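Just so it is clear, none of the values below were taken in a lab; they were calculated from the coordinates. The shown structure was predicted, so the numbers you read here are calculated from the model rather than taken from an experiment. Because the Cβ atoms are built from the backbone with ideal geometry, glycine has one as well, and the counts that use them run over all protein chains shown.
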Amino acid sequence: MGIYTKYLDSLKDFPEITKERKKLLKEISDLRDGNDILTYASTFAGSIEWDDKLPFYDQLSNLGQSNKIDIILETPGGQAEVVEDFIQTLRKEYEIVNVIVPGGAMSAGTIFAMGANEILMGDMSTLGPIDAQMITNNKRFAADAFLMGLDKIKEECAASGRLNPAYIPILQQISPGEIQSCENAQSFSRSLVKEWLSKYKFESWETHSSDGRGVTEQEKIQKAEEIATNLCNHSRWLSHGRNLKISDLQAMGLKINDYSHNTALNNAITGYYALLKMSFEKTNMFKIFETPTSQIYRFAATQVINNPLPKLPGQLPPNPKQVGGMGVADMADLDIHCPSCKTLMRIQANLGVPKTLKKGYMPYPVATNKVHCPKCGTEVDIGQLRMQIEAQTRKKIV
């Protein structure tokens, strides 16, 4: 049985998932010689942005037991400027900064990884091209592809001595500022990678593996330049979402620590990643910042209880209501409509402590997470709703 399937079958509520996730995060830290460890993870709905600084640094302040830190990174990408800020801060706090990628760290996530002394990846891990993405006139495109397109037009003009009339309306929509922005974006990403690789990743690179010759600073800079150029080369990868595996990165000259060769570490990271994905899939959470002893979650909803939660398959949206005054609720009223006959079922979910059942309400089915319509007998699974409530309130339904 796969580890993901095992957790799906055995862990039925969010507190259980959280407890097991924390346990494995601590285990990863122990297996890594007690390195501090911080998770910075999001779904594809959550990119790296300036609003991440406060929760990231808040969780970082809970650490400080080691001079080394491992960042577990899962991200679709985002703003390279924010990554620059994170790396600069981490470098002030730690002598060694490592990045563990259990799943995917794309685009700006790849830039983040290039700022590490050590990059750890496994069988499922991927990085991605760092060709800067631009948005103008409601169109998204790679800066490198944009500049290459302009170069192609220039070459055609030079060869024929005239401008193809078909290009005129296209060029009329392009400003000099947009061209410069594309050039700046590419230069910024490339310069960050070049600087960080030569300064941090290649810090311990002292001899050539082929002949034992000593490595000069100029050779480090040259190799960093080659890798940065490769990662920014849209014409090579063709797609911004291209998955770059360990073998692709090694072919560029990047040394990657393949943690799949360490059974204990591989099991811990794989298990943690499965629980991380479950935490996202079972709730409306889209970002997690956490250490073994603390965490900050970001949800799609801005309020804890009063907002309607996402619609479950075959159901009308449930309407949880806060009970008991201000603050985090100790009870949630759930209005569930039968998907077959539309009968309203009112369910009382007690959070943390038992409460007297209110008149007209059914108790939350803690053992099964399933309710049966009193009119037609249809069974409705509300387990996903339970996960969302427990994640938002950080209380267990009892």
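Projecting label points 7 angstrom from Cα along Cα→Cβ for Asp381 and Glu155 puts them 5.4 nm apart. Between Trp205 and Met124, the contour length at 0.36 nm per residue exceeds the alpha carbon distance by 26.5 nm.
Using 7 Å Cα-to-Cβ label points, what is the Glu93/Asp33 separation (nm, one decimal)? In this crude spin-label approximation the distance works out to 2.1 nm.
Rounded to whole numbers, the Karplus 3J(HN,Hα) couplings from phi for region 351-363 are 9, x, 9, x, 9, 5, 5, 6, 4, x, 10, 9, x Hz, using 6.51 cos²θ - 1.76 cosθ + 1.60 with θ = phi - 60°, and x at Gly and Pro.
Distance between the modelled labels on Ser10 and Asn164, one decimal in nanometres: 6.1 nm (7 Å Cα→Cβ projection). Taking amide H as placed 1.01 Å from N in the peptide plane, the amide H of Ile48 sits under 5 Å from that of Gly77, Gly78, Gln79, each at least 5 places away or on another chain.
Rounded to the nearest Hz, the phi-derived 3J(HN,Hα) couplings of region 27-39 under the Karplus curve 6.51 cos²θ - 1.76 cosθ + 1.60 (θ = phi - 60°) are 5, 4, 4, 5, 5, 9, 6, x, 4, 4, 9, 9, 9, where x marks glycine and proline. Positive contributions from Lys and Arg (+1) and negative ones from Asp and Glu (-1), summed over other residues with Cβ under 11 Å from the Cβ of Asp258, come out at +1. Counting Lys and Arg as +1 and Asp and Glu as -1 over every other residue whose Cβ lies under 12 Å from the Cβ of Ala224, the net charge comes to 0.
Descending by average beta-carbon neighbour count within 10 Å, the peptides 365-373, 99-107, 194-202 line up as 99-107, 194-202, 365-373, the highest first. FRET efficiency for Lys245 and Glu281, Cβ-Cβ distance as r, R0 = 30 Å, nearest 0.05? Efficiency, rounded to the nearest 0.05: 0.80. Each Lys or Arg adds one and each Asp or Glu subtracts one; over the other residues with Cβ under 15 Å from the Cβ of Glu290, this totals +2.
For Lys355, a cut-off of 14 angstrom between C-alpha atoms picks up these aspartates and glutamates, skipping any fewer than 8 places away in its own chain: Asp330, Asp333. Taking amide H positions as modeled 1.01 Å from N, with prolines and chain starts lacking one, the residues under 5 Å from Phe299 and 5 or more places away or on another chain are Phe286. Among the trypsin sites (Lys or Arg not before Pro) found in region 255-289, those both in a DSSP coil and sparsely packed, with 15 or fewer other Cβ atoms within 10 Å of their Cβ, are Lys255. Taking θ as phi - 60° and the Karplus parameters 6.51, -1.76 and 1.60, the scalar couplings of region 242-247 work out to 4, 8, 9, 8, 4, 5 Hz in sequence order, x denoting glycine and proline.
Between the amide H of Met345 and those of Ile336, His337, Cys338, distances stay under 5 Å, these residues lying 5 or more places away or on another chain, with hydrogens modeled in the peptide plane.
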